[in-house]
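To keep things clear, I will list the structure first and then write my remarks on it.
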Amino acid sequence: MAFDMGEMMEQFMNSVSGGGGKTGGGGGENGKRVVYDAAIVGYGPAGGVMATLLAEKHGLKVCIIDPNLEKRWIPNYGVWVEEWEALDKDLQIGLGDCLDRTWEVTDSFFGGSHGTPADERCRIDRPYARVSRDKMQANLKSRLSAAGVTKIKGKVDAKTLEHSADGTSVCLDDGQQIDCRLLVDCSGHYSELVERVGEHNPGVQIAYGAEVEVKDGHAPYDENAMLFMDYRTDYADKAELSPEEVKGLDDTPTFLYAMPMGAAPNGQRRIFFEETSLVARPPISFDLCKERLYRRLKHHGIEVTKVMDEELCYIPMGGAMPSLTQRVVAFGGASGLVHAATGYMHVRMLAASGAVSRAIAAELKKDGPGTSEAAARRAYQALWPSKAKLQRDFHVFGGEFLMAQPASTLRGFFNGFFKLPLPLWAGFLSGYPNLPHNELHQDWQSRFKFGLQFFFKLAPAVQFQLALAGALSGWQYGLIKAVTPLAEEEEAKDLLFDAEVDAIRAAAKAKGDAASGASAEGSPVADGKKKEEKERALAA
């Protein structure tokens with residue numbers, strides 16, 4: 001365990017004086033309460049990025065709260081290089097220095113059904129990369145420190161959440177109170193702070209991954225290509241399986257995903273393998289993924305000599321959206337940003353972060369009555385404009401379709417998908433504003449054309465299943481609205497948004513005027529803010 005002596009001394013001095021400081025909480029100098037512009041709950045990639053943008057780019061007073069501030073981030077993230085470079089250019093927070101390894105091509109195998117030979121390779125000439133979780137975490141840690149973000153170790157007690165006209169207060173598990181003008185929840189998929197609309201019953205992507213050393217490479221896979229999907233099931237000798245296992249092989253499909261990482265110091269090849277269940281409800285077990293991974297490697301003669309790291313991946317997909325009128329701003333996993341048909345979220349979170357942080361900062365800097373509520377509404381409008389919500393509906397239908405299909409249908413589905421022109425399938429996979437090729441999916445006409453082109457790339461048996469799903473559940477999961485003129489009615493609601501925010505501010509002002517300011521007296525947020533304003537005026 002590494003110790004930071006400076007930080008330890010600072011914590012000691014804060015405990016004596018009651019100060020907030022770099023890792024402090026709600027207390028300030030001389031007993032004054034610290035009121036943050038934004039308090040970020042959760043220090044994963046989403047929380048780190050949002051705190052960085054609000055503090056570094058917009059000059060806000062920010063704290064970030066997590067019970068495990070120094071814990072190493074767990075997941076490995078795969079990204080399309082084109083998307084990562086676009087985000088690096090847009091956000092300007094050093095993303096370009098955070099890639100671990102890049103592959104110029106990706107390979108997939110969808111053979112074994114619908115007349116496609118089992119050994120047929122689908123090669124995509126589009127660079128793919130792995131994000132270094134360690135580099136990204138270190139980069140954001142440095143930026144948070146330079147921007148003066150306060151780190152607070154603790155767990156938020158959701159039962160203590162209180163909103164006032166001026167902001168929000170919440171207590172930690174140690175009783176410490178945090179006051180802020182806006183609370184941003186980046187605590188993950190199962191947040192206790194975020195209200196959702198309707199029943200939250202998502203599908204789940206499950207994966208078991210291991211970074212290993214192998215004796216003689218990983219043929220038949222190309223060591224210069226990233227393996228995106230191998231959906232074949234011929235690796236299993238059905239004579240060795242029980243009837244239930246044989247049935248499960250097709251009914252609960254999984255695929256192999258692999259990243260060749262080059263030579264280890266001892267000369268052996270280093271590879272990250274991951275056996276993945278794309279989406280299922282209920283989720284399959286990690287043990288089943290692990291068992292299938294090693295059965296697959298054995299079939300190909302790939303001998304693992306050392307396991308260096310293991311990863312268990314659990315990603316809820318789809319499910320209920322957060323309420324877009326609540327005062328707590330959900331971001332990252334808490335906000336429904338996961339692509340409901342693929343499980344991708346990392347680049348979508350980054351694509352949303354710029355617009356959301358700008359919306360929050362612009363509204364908070366206006367100040368005045370209703371600022372906190374207006375900032376929350378602006379943040380949600382930036383996060384989920386109608387066009388993005390309609391795309392999400394399209395993806396939710398796709399996810400529901402995929403989780404109901406056997407492996408043979410999925411092989412035919414993806415074999416047709418990647419035969420589309422690259423901008424079309426790439427835009428579907430990105431599926432969010434500000435990402436490359438997403439403009440090809442942002443209105444109902446484009447989504448309808450995409451669906452039509454895709455349908456005619458599919459084998460007849462897959463076409464039948466897709467048409468049947470559209471007829472039976474297209475309305476339930478939002479497909480019909482997403483690909484018809486009904487989408488225009490949803491998009492028209494955005495035109496009323498400015499008036500809605502103005503009304504929030506006007507109502508807050510009228511309420512404040514009627515109460516002659518009495519409702520603000522005794523509010524920690526208001527008192528702390530007034531003291532800060534007085535001090536700034538005296539200093540000037």
Quick one: which residue in Pro282, Pro265 is surrounded by fewer than 18 Cβ atoms within 10 Å (Cβ to Cβ), more than 21 Å from Thr106 (Cβ to Cβ) and without any contact (Cβ under 8 Å) to a residue 60 or more places away in the chain?
Pro265
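Taking the range 285-331, which residues are hydroxyl-bearing (Ser, Thr, Tyr) and touching a residue at least 60 places away in the same chain (Cβ under 8 Å)?
Ser285, Thr305, Tyr314, Ser323
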Any idea how many residues of the range 235-263 are touching a strand residue (DSSP E or B) at 6+ places or on another chain (Cβ under 8 Å), farther than 13 Å from Arg295 by Cα and among the hydroxyl-bearing types (Ser, Thr, Tyr)?
2
Pro369 passes all but one of (1) surrounded by fewer than 21 Cβ atoms within 10 Å (Cβ to Cβ); (2) in a helix (DSSP H, G or I); (3) not charged (D, E, K, R); which number fails?
(2)
When restricted to Ser113, Ser132, the only residue touching a Lys or Arg at 6+ places or on another chain (Cβ under 6 Å), under 21 Å from Leu256 (Cα atoms) and small (Gly, Ala, Ser) is Ser113
Picked from the range 440-472 (must be free of Cβ contacts under 8 Å to residues at least 40 places away in the same chain and touching a Ser or Thr at 6+ places or on another chain (Cβ under 8 Å)), the residue surrounded by the most Cβ atoms within 10 Å (Cβ to Cβ) is Leu440
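Wholly within the range 124-194, which strands (runs of 3 or more DSSP E) include no fewer than the required count, namely at least 3 residues that are touching a residue at least 40 places away in the same chain (Cβ under 8 Å), charged (D, E, K, R) and crowded, with 18+ Cβ neighbours inside 10 Å?
Counting at least 3 such residues, we get 177-185.
So which helices (runs of 4 or more DSSP H) stay within the range 1-93 end to end and still have 2 or more residues that are among the small types (Gly, Ala, Ser) and modelled with pLDDT of 95 or more?
Passing ranges, in order: 45-52.
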Give just the number: which of (1) surrounded by 19 or more Cβ atoms within 10 Å (Cβ to Cβ); (2) in contact with a Pro (Cβ under 7 Å, 6 or more places away or on another chain); (3) over 30 Å from Ala219 (Cα atoms) does Ile65 not satisfy?
(2)
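Residues checked against (1) farther than 29 Å from Val194 by Cα; (2) touching a residue at least 60 places away in the same chain (Cβ under 8 Å); (3) surrounded by fewer than 16 Cβ atoms within 10 Å (Cβ to Cβ):
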{"residue": "Arg33", "(1), (2), (3)": "no, yes, no"}
{"residue": "Gly42", "(1), (2), (3)": "no, yes, no"}
{"residue": "Ala51", "(1), (2), (3)": "no, yes, no"}
{"residue": "Leu54", "(1), (2), (3)": "no, yes, no"}
{"residue": "Val79", "(1), (2), (3)": "no, yes, no"}
{"residue": "Phe109", "(1), (2), (3)": "yes, yes, no"}
{"residue": "Gly112", "(1), (2), (3)": "yes, yes, no"}
{"residue": "Ala118", "(1), (2), (3)": "yes, yes, yes"}
{"residue": "Cys122", "(1), (2), (3)": "yes, yes, no"}
Is it the case that the range 383-396 has a residue that's surrounded by fewer than 23 Cβ atoms within 10 Å (Cβ to Cβ) and farther than 30 Å from Phe228 by Cα?
yes
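The values are calculated or read from the model by the stated rules, or taken from the named source; none is laboratory data. All values derive from a computational prediction rather than experimental measurement. All Cβ positions, even for glycine, are placed from backbone atoms using ideal geometry, and neighbour counts span all protein chains on display.
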